[in-house]
Amino acid sequence: MAGKIKQMIEKIIEERSNGNEVLKSTTRTKLIIKGYNPDTWTSRSEDDPTKIAELKQIARDMGVNL
């Protein structure tokens with residue numbers, strides 16, 4: 001299923017920010033630092049199981065349930 005990584009990134013941002021624009025920006029920055037720039041992933045991006053596992057761990061570290 002292509003695009004799962006994009007969906008996960010968007011969910012992490014939305015859950016973490018809870019509508020707060022400052023937290024949304026901060027969360028996006030944290031993801032970029034960890035190598036997951038939300039702007040580079042699309043709904044057609046290849047789903048890599050290793051990247052998915054890394055994102056699940058990042059989400060857990062941020063307190064987000066995927």
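Laboratory data are not the source of any read-out in this text; all were calculated from the coordinates shown. Since we're looking at a predicted model, the values are computed, not measured. Positions of Cβ are backbone-derived with ideal geometry, glycine not excepted, and every protein chain shown enters the neighbour counts.
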Practice problem: On a 0 to 90° scale, report how tilted helix 21-33 is relative to the longest principal axis of the chain, with both axes built from alpha carbons and the result rounded to the nearest 10. | Solution: 40 degrees
Quiz item: Do any trypsin sites (Lys or Arg not before Pro) in the stretch 1-65 lie in a loop, going by DSSP, with at most 16 other beta-carbon atoms within 10 Å of their beta carbon, and if so which?
Solution: Lys34, Arg44
Exercise. Using only Cα atoms, find the angle between the long axis of helix 4-17 and the longest principal axis of the chain, and express it within 0 to 90 degrees, rounded to the nearest 10.
Key: 10 degrees
Quiz item: In deg cm²/dmol and to the nearest 500, what is the mean residue ellipticity at 222 nm of the chain if only DSSP H runs of at least 4 residues count, each as -39500 (n - 2.57), divided by the residue total?
Solution: -20000 deg cm²/dmol
Quiz item: What percent do you get for the relative contact order of the stretch 4-61 when only Cα pairs under 8 Å and 6+ apart count?
Solution: 45 percent
Quiz item: Could you give the angle, 0 to 90 degrees to the nearest 10, between helix 49-62's Cα long axis and the longest principal axis of the Cα atoms of the chain?
Solution: 10 degrees
